[in-house]
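A quick write-up on the structure given underneath.
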DNA sequence: CAGCTCGCTCGACCGAGGTACAGGGTCCAT
DNA sequence: ATGGACCCTGTACCTCGGTCGAGCGAGCTG
């Protein structure tokens, strides 16, 4: 299972301890018997992590996924918050992408006429307060 | 300066040591005199970090930005790699967003009819090898 | 000039997220 | 029935990205 999810077996136990992975049934001998969902959850965790989410964030996403714990209204509200966050992230990555694309486009120009991705990023910095900013 | 960039002063020195931040001029007394670029670079670092990039990745992005170290062809090639990576990331986030949007849409339904964001994510898992997967 | 704040260096420490290792049980193939 | 490849628990340790503190100098302010 660890192999199928492409993580270290220890990591699975760690996630279980953290409450990210539902504690699976055990065989008579105490072996964990993971359902087919488990691999997918782990893959999701790994992908989300690589996209800049902390395990705590991911836990709350997973809770949402399993039919939110609280009322429908709460679920809706939380989801909408997450969606807004995603929109910010997507916009940021798109800005980076655009900046790099411009760099490639101006690549033939002498080095000084090349546009700098950071400038591009920064010029569009909304001076806002990204919650991910000061953890 | 640390305040303007909204980071701990120590963090600036840490970035400097890591080579992320160009080592600034020093005053007679040894004080660092940062140019105006510095704040923007730090902000870029922080944003990229929150989007799931490691400091090493960010360093290479910054090097690209400062008119790549090597030939134009190399710069172009590296940039195109990064752009492809960004496209994957953007697609992932968009898939998550879509899944959450569906969750909200089906929110009124009984809990079991609600669609699960993970399933959605996973169903579209390309079984590929995301380089960010096993660091 | 005393006192305060701020910057400097250098080394120790911290929290998140794992990973390794010791000591032991299980399974199953030869 | 025995060897090797797994699994279990528990505790210790590691990396990354910072952060804190000690000890000292710089620079303003009353």
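How large is Rg over Rh for segment A:34-105, taking Rg from the Cα atoms and Rh as the Kirkwood inverse mean of 1/r across Cα pairs? Could you put the intermediate results ahead of the total?
Working: Rg = 15.7 Å, Rh = 14.2 Å.
Ratio of gyration radius to Kirkwood radius: 1.11.
Tell me, Kirkwood radius of segment B:2-65 from alpha-carbon pair distances, in Å? Don't skip to the answer; put the middle values down first.
On the way: mean 1/r = 0.0824 Å⁻¹.
That comes to 12.1 Å for segment B:2-65.
Sort A:25, B:16 by Cβ crowding within 10 Å, fewest neighbours at the top.
Details: A:25 10, B:16 16.
Lowest to highest Cβ neighbour count: A:25, B:16.
Subtracting the Cα-Cα distance from 0.36 nm times the residue separation, let me have the gained length for residue A:71 to residue A:8 in nm, one decimal. Present the calculation step by step, with values, prior to reporting the outcome.
Values: separation 63, 0.36 × 63 = 22.68 nm, distance 3.60 nm.
That pair, residue A:71 and residue A:8, stretches by 19.1 nm at full extension.
Values in this text are rule-based calculations from the coordinates and carry no lab data. Source: prediction; values computed, not measured. When we count neighbours, we look across all protein chains shown, and the Cβ atoms used for this are built from the backbone with ideal geometry, even at glycine.
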